[in-house]
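To keep things clear, I will list the structure first and then write my remarks on it.
The values are calculated or read from the model by the stated rules, or taken from the named source; none is laboratory data. Only a predicted model underlies this, so the values are computations on that prediction, with no experimental measurement involved. Glycine gets a Cβ as well: all are built from the backbone with ideal geometry, and neighbour counts include every protein chain shown. The area values use the complete protein model at the heavy-atom level, side chains included, leaving out ligands, DNA and RNA. Shrake-Rupley method; radii C 1.70, N 1.55, O 1.52, S 1.80 Å.
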Amino acid sequence: AALRYGPIVRDFARQAKAAGEASPTILLPENVLGAVSSGLIKALDMPPDVRLVAGGSGKVPWADHLQKGVWVLPDRTFYPAIQPIPLIEEGLRPHWSAIGHTARIGDIRYTLVVCYEPVPALPIYHLRYGTPILLLGNGWWDRHGIMRVEVSLARAWARLFNAPIAISRGLPLRGKAP
């Protein structure tokens, strides 16, 4: 599935460069990359000065299996999500030590919020005043507006912390049952 995003990334990079952006950063939703390998990076065929921020999975020292989180490419930096969805993502472990940490993407530090994380009280401990927020969600399954709740809560947290926010979310496919 991640390979389908290669042309989208390249096309967006062309448009951003035509608009005068020197080194664009492209934000894709949660879970689009899966596990990142050298082969996947090569297959995406990204221009060298483009940065891709996208949800995927990666190996972390404290877990026996892959955890969900956010990849920054071409840097190959993985930031695990802090809070898996209770009862649904039973095999994933919380990453409490990441609370309050930011991700360096280019020359800017961002607070990453993945999926369910804007819903509980987690942001009050995690967000920093004025630090830009990136929310990566995955709503391919959402037929009842749950993603709208996540997004509206994330925007409310951003207003409370006086922080700009960028949101990338997958939307339900028309006519497809989850």
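Which FRET efficiency, nearest 0.05, do LYS59 and ILE108 yield, Cβ-Cβ r, R0 30 Å? Provide the component values of the computation, followed by the final result.
Numbers: r = 26 Å, r/R0 = 0.87.
Efficiency computed from Cβ-Cβ geometry: 0.70.
Net charge near CYS115: determine it from the other residues with C-beta under 13 Å of the C-beta of CYS115, scoring Lys and Arg +1 and Asp and Glu -1.
On the way: positive: LYS68, ARG169; negative: GLU30, GLU89, GLU117, ASP142, GLU150.
Cβ neighbours under 13 Å give a net charge of -3.
Of (1) 1.09; (2) 0.96; (3) 1.01, which one was derived for Cα Rg over 2.2 N^0.38 Å from the structure shown?
It is the one labelled (3).
Under a point spin-label approximation (7 Å from Cα along Cα-to-Cβ), what is the ALA121-ASP49 distance to one decimal in nm?
About 4.7 nm separates the two model spin labels.
In Å², what does the accessible area per residue of the chain work out to with a 1.4 Å probe?
Values: 9710 Å² over 178 residues.
Here the per-residue accessible area is 55 Å².
Within a Cβ distance under 11 Å of PHE78, other residues only, what is the Lys/Arg minus Asp/Glu net charge? Provide the component values of the computation, followed by the final result.
Numbers: positive: LYS59, LYS68, ARG76; negative: ASP75.
Charge balance in the 11 Å sphere: +2.
Could you tell me what percent of the accessible area of segment 65-157 is made up of carbon and sulfur, with a 1.4 Å probe and every protein chain present?
Carbon and sulfur: 60 percent of the exposed surface of segment 65-157.
List the residues whose amide H sits under 5 Å from the amide H of LEU28, counting only those 5 or more places along or on another chain, with H placed 1.01 Å from N in the peptide plane.
VAL53, ALA54, GLY55
Enter the Cα centre distance for the pair segment 88-141 and segment 21-59, rounded to the nearest angstrom.
So the separation of the two Cα centres works out to 18 Å.
Under a point spin-label approximation (7 Å from Cα along Cα-to-Cβ), what is the ALA166-GLN15 distance to one decimal in nm?
Result: 1.4 nm between the two label points.
For segment 24-116, evaluate the Debye formula with one uniform point scatterer on each Cα (no solvent term) and list log10 I(q)/I(0) at q = 0.15, 0.25 Å⁻¹, rounded to two decimals.
Normalising to I(0) and taking log10 leaves -0.57, -1.43.
Given the options GLY55, ALA43, THR25, identify the residue whose Cα lies farthest towards the positive end of the charge dipole of segment 1-87 (+1 on Cβ of Lys, Arg; -1 on Cβ of Asp, Glu).
Ranked along the dipole, the leading option is ALA43.
Compute the distance in nm between two label points, each set 7 Å from the Cα along the Cα-to-Cβ direction, one at ARG128 and one at ARG93.
If labels sit at ARG128 and ARG93, their model points lie 2.6 nm apart.
Antiparallel as a % of all DSSP beta bridges within the chain, to the nearest 5?
Numbers: 14 of 28 bridges.
In the chain, approximately 50 percent of DSSP beta bridges are antiparallel ones.
Test of understanding: in a Gaussian network model of the chain with alpha carbons linked when under 10 Å, which of LEU73, LEU135, LEU44 would top the mean-square fluctuation ranking?
LEU44
Which of the peptides 49-59, 123-133 is most tightly packed, and how do the rest follow, going by the mean number of other Cβ atoms within 10 Å of each residue? Walk me through the intermediate numbers first.
Numbers: 49-59: 20.2, 123-133: 15.6.
Most protected by this proxy first, the peptides run 49-59, 123-133.
For LYS17, which aspartates and glutamates qualify as cross-link partners when the Cα separation must be under 15 Å and same-chain residues fewer than eight apart are set aside?
ASP49
Aspartates and glutamates within cross-link reach of LYS59: Cα-Cα under 18 Å, excluding same-chain residues under 8 positions apart?
GLU30, ASP75, GLU89, GLU90
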